[in-house]
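Quick note: the coordinates plus some simple rules give every number you see, no bench work behind them. Because the structure is a prediction, the values reported are computed rather than measured. Here the Cβ positions follow ideal geometry from the backbone for every residue, glycine too, while neighbour counts run over all protein chains shown.
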Amino acid sequence: MIQAILDAVSLGGVYALAALGLGLVFGVMRLVNFAHAELITVASYTLVMTHQFPLVVSMVLSVVVASLMALLMELLAYRRLRGSNPATMLIVSFGVSVLLQKIYELVFGALPRSASVATGLTGTFTVGGVSITTASVVTIVLAVVILLAMGYLIERTKLGLQLRAAASDFQTARLLGVRSNRLIASAFVISGALAAVVAFVNVVGNPQVDPRFGLDITILALVGIVVGGMNSLRGSALGGFIVGAVLSLLNVILGNGRVYAYSWMFVIVIVILLVRPGGILSKFATKERV
Amino acid sequence: MTLLEVRDLRAGYGKVDVLFGVSLTASKGELIGIVGPNGAGKSTLFGAIVGTVGLRSGSVFLDGEDISGKRPEDIVRRGLSLVPEGRQIFSGLSVIENLTLGLTGRRDKHGEKGALDRVHDLFPVLTTHRDHQAGMLSGGQQQQLAIARALVADPRVLLLDEPSLGLSPTVVKDVFDRLIAIAQSGTAVVIVEQRAHLVTRLAEQTHVLRAGKVQATLTKEDAADEAKLTAAYFGNSGE
Ligand SMILES: Nc1ncnc2c1ncn2[C@@H]1O[C@H](COP(=O)(O)OP(=O)(O)OP(=O)(O)O)[C@@H](O)[C@H]1O
Ligand SMILES: [Mg+2]
């Protein structure tokens, strides 16, 4: 029971981080970056390929690689699309996603690469007679620390202020001197770093990295930002958390019926969206359009 | 000393041309008016000056430096600020956050505190509402915030697009008094106004823009002459 709750919170935390990464980029560019999945994947490959290094080195490398990849995406693919309509950008991001999957396949092969990363985290320990997995606790701590750090960055720093301003009205932010190229690049770099954190947690839980490793979590995190409210970072993170936690709980509750966990989760998602079409934390009442 | 010089500016959106060769200048301490009917191209002219609307030809000089075609974030750093039509304050952010964003466009990062103090003196209401959400301010307070947010960048040239929009007469008078003070402190102030009389009485020169061209330029004295103003506004017939 306690383990089930811890698992739910930790999976929720991971999805919150993934959703936050997506939400940051969406905020400044109105781009749903489907290729966020490939940032998670490349960070995961980095962890696996460098597993013989000290863990910290390996983690830092994965953050650097994912951030650089995010920066490259922005420079090579998305920069030209600024101000295009969101559908165009979404399609291009699908393209980037597929292209990168193929590149990973060429470089690393289609079969999973595996290596035990952070073996210290795979065990369990007992508290008051209850056995608890180390991974779930470490994940929760990591997620909380990163979420708090992100909260500080967004609410308390100049960069965060500029990100919030640009998310609500980029043109006016530029008129005030906000450097668009620099700000968008920063959003991508941060989203890459968040992807690396997500990758770390995932690789510890399942060190079988294949070219599509980051896809599922990204799709679910996308569901999360819609559920939480795309226009607010808090909403994105909350939505990601809900999706992750609900999915994790459903897996326990449904027992043998867990193959239907996704179906039930989407039922819940649809109900939430029927009640709050703009997402849970949407600031604006959705205007009547019909 | 000429701070802003616009030379034969042509600009538009996509295939549509809106401005057909507009020229004007504004000097240090001067207040310049631009009036004209809806769709004349007033906001487009400001957009072309600050870099949000693409130029077809012509040029913009800021204190002698050619800034034509530069990006808005670079232009504001050189000392030209726009208070856009409809204020465009960040309604979800607090008053002080809006002002802090305005500091982004400063060249001199040391004077930030002083700049904030000055606008707080000029617009005391912003001090009392410092931590309020900007969207909760009244229209007049929001307009003051929009002006203050541009001023904290210490612009040498300040453009204002319809600062009187939606304000009651007393508030308008208040805002214009402040604008006069800002001009007197050495800033070149250019004001677009729908309500011509607000600006013609104050401005050294008022340009009447119609169909993307300056149709007439009036001095303060001309503006007192009702017939002349009407003629300029509606074309030669004078109606
Ligand atoms: N973003 C845009 N895209 C295409 N055309 C535009 C755009 N903005 C303005 N226009 C067109 O340019 C012309 C001039 O518009 P502009 O906003 O400059 O007029 P204005 O003089 O500021 O009018 P108002 O007094 O109503 O503010 C209009 O015909 C308008 O339809
Ligand atoms: Mg206008």
task = Using the structure shown, list the pairs from B:Lys28/B:Lys228; B:Lys15/B:Lys173; B:Lys42/B:Lys109; A:Lys158/B:Lys70 with a Cα-Cα distance above 29 Å, or answer none.
result = B:Lys15/B:Lys173; B:Lys42/B:Lys109
task = Using packing as a proxy for protection, rank B:162-169, A:142-149 so that the peptide with the highest average count of other Cβ atoms within 10 Å comes first.
result = B:162-169, A:142-149
ask   = If you find the alpha carbon centre of the range A:1-19 and of the range A:63-136, how far apart are they in angstrom?
value = 18
note = Here the range A:160-171 yields Karplus 3J(HN,Hα) values (6.51, -1.76, 1.60; θ = phi - 60°; whole Hz; Gly and Pro given as x) of x, 4, 5, 5, 5, 4, 5, 5, 8, 6, 5, 4
query = Using the beta-carbon distance between A:Arg79 and A:Ala4 and R0 = 30 Å, what value does 1/(1 + (r/R0)^6) give for FRET efficiency, to the nearest 0.05?
reply = 0.10
task = Evaluate the relative contact order of the range A:2-213 (contact order divided by residue number), counting alpha-carbon pairs under 8 angstrom at least 6 apart; express in whole percent.
result = 44
request  = Using a Gaussian network model of chain B whose springs link C-alpha atoms within less than 10 Å, name the residue from B:Arg106, B:Arg78, B:Arg195 with the highest mean-square fluctuation.
outcome  = B:Arg195
remark   = Under the rule rounded for a/c under 1.5, else prolate if a/b exceeds b/c, else oblate, using alpha carbon gyration tensor axes a ≥ b ≥ c, the range A:2-213 is classed as oblate
remark   = Computed about the Cα centre, the charge dipole of the range B:151-213 from +1 Lys/Arg and -1 Asp/Glu charges at the Cβ has a magnitude in debye, to the nearest 20, of 220
ask   = Using 7 Å Cα-to-Cβ label points, what is the A:Val98/A:Asp216 separation (nm, one decimal)?
value = 2.3
request  = With an 8 Å cut-off on Cα pairs and a minimum separation of 6 or more residues, tell me the relative contact order of the range B:143-203 in percent.
outcome  = 41
query = How large is the charge dipole for the range B:1-147, taken about the Cα centre, if only the Cβ atoms of Lys, Arg (+1) and Asp, Glu (-1) carry charge, to the nearest 20 debye?
reply = 220
remark   = Under 12 Å by backbone N from the virtual spin label 7 Å along Cα-to-Cβ at B:Arg7, the residues of the range B:38-72 are B:58-62, B:64-68
message = Going by amide H atoms built from the backbone, whose H comes under 5 Å of the H on A:Arg113, apart from near neighbours?
response = A:Val209, A:Asp210
task = Output the peptides A:107-115, A:181-189, A:23-31 sorted from most to least packed, where packing is the average of other Cβ atoms within 10 Å over each peptide's residues.
result = A:23-31, A:181-189, A:107-115
key: Scaled radius of gyration (Cα, divided by 2.2 N^0.38 Å) that the protein assembly as shown gives   = 1.17
Part-to-part distance (alpha-carbon centres) for the range B:1-47 and the range B:121-168, which is given in Å = 23
ask   = In peptide A:163-175, how many Cβ atoms from other protein chains are near each Cβ within 10 Å, on average?
value = 6
ask   = How many nm is it between the label spots at A:Gln52 and B:Asp225, if each spot is 7 Å from the Cα in line with the beta carbon?
value = 9.2
query = According to a simple spin-label model (label point 7 Å from Cα along Cα-to-Cβ), what is the distance in nm between A:Val144 and A:Asn181?
reply = 4.2
query = Once amide H atoms are built 1.01 Å from N in the peptide plane, which residues 5 or more positions from B:Leu209, or in another chain, come under 5 Å H to H?
reply = B:Val35, B:Gly36, B:Gln215
message = Restricting the calculation to Cα positions, tell me the Rg (one decimal) and the Dmax (whole number) of the range B:64-213 in Å.
response = 15.1, 44
query = Mind checking which of A:Leu233, A:Leu76, A:Leu20 has the largest fluctuation in a GNM of chain A, springs on alpha carbons under 10 Å?
reply = A:Leu76
key: Selected from A:Tyr104, A:Tyr78, A:Tyr260 as most flexible by GNM, with chain A as the system and alpha-carbon contacts under 10 Å   = A:Tyr260
inquiry  = With θ taken as phi - 60° and the coefficients 6.51, -1.76 and 1.60, list the Karplus ³J(HN,Hα) couplings across the range A:107-120 in order, rounded to whole Hz; mark glycine and proline as x.
reply    = 7, 10, x, 7, 7, x, 9, 9, 6, 6, 10, 6, 4, x
key: In Hz, Karplus ³J(HN,Hα) per residue of the range A:73-89 (6.51, -1.76, 1.60; θ = phi - 60°; x = Gly, Pro)   = 3, 5, 5, 8, 10, 8, 4, 5, 8, 3, x, 5, 6, x, 5, 4, 5
request  = Please work out the C-alpha center-to-center distance from the range B:75-103 to the range B:187-221 and express it in whole Å.
outcome  = 24
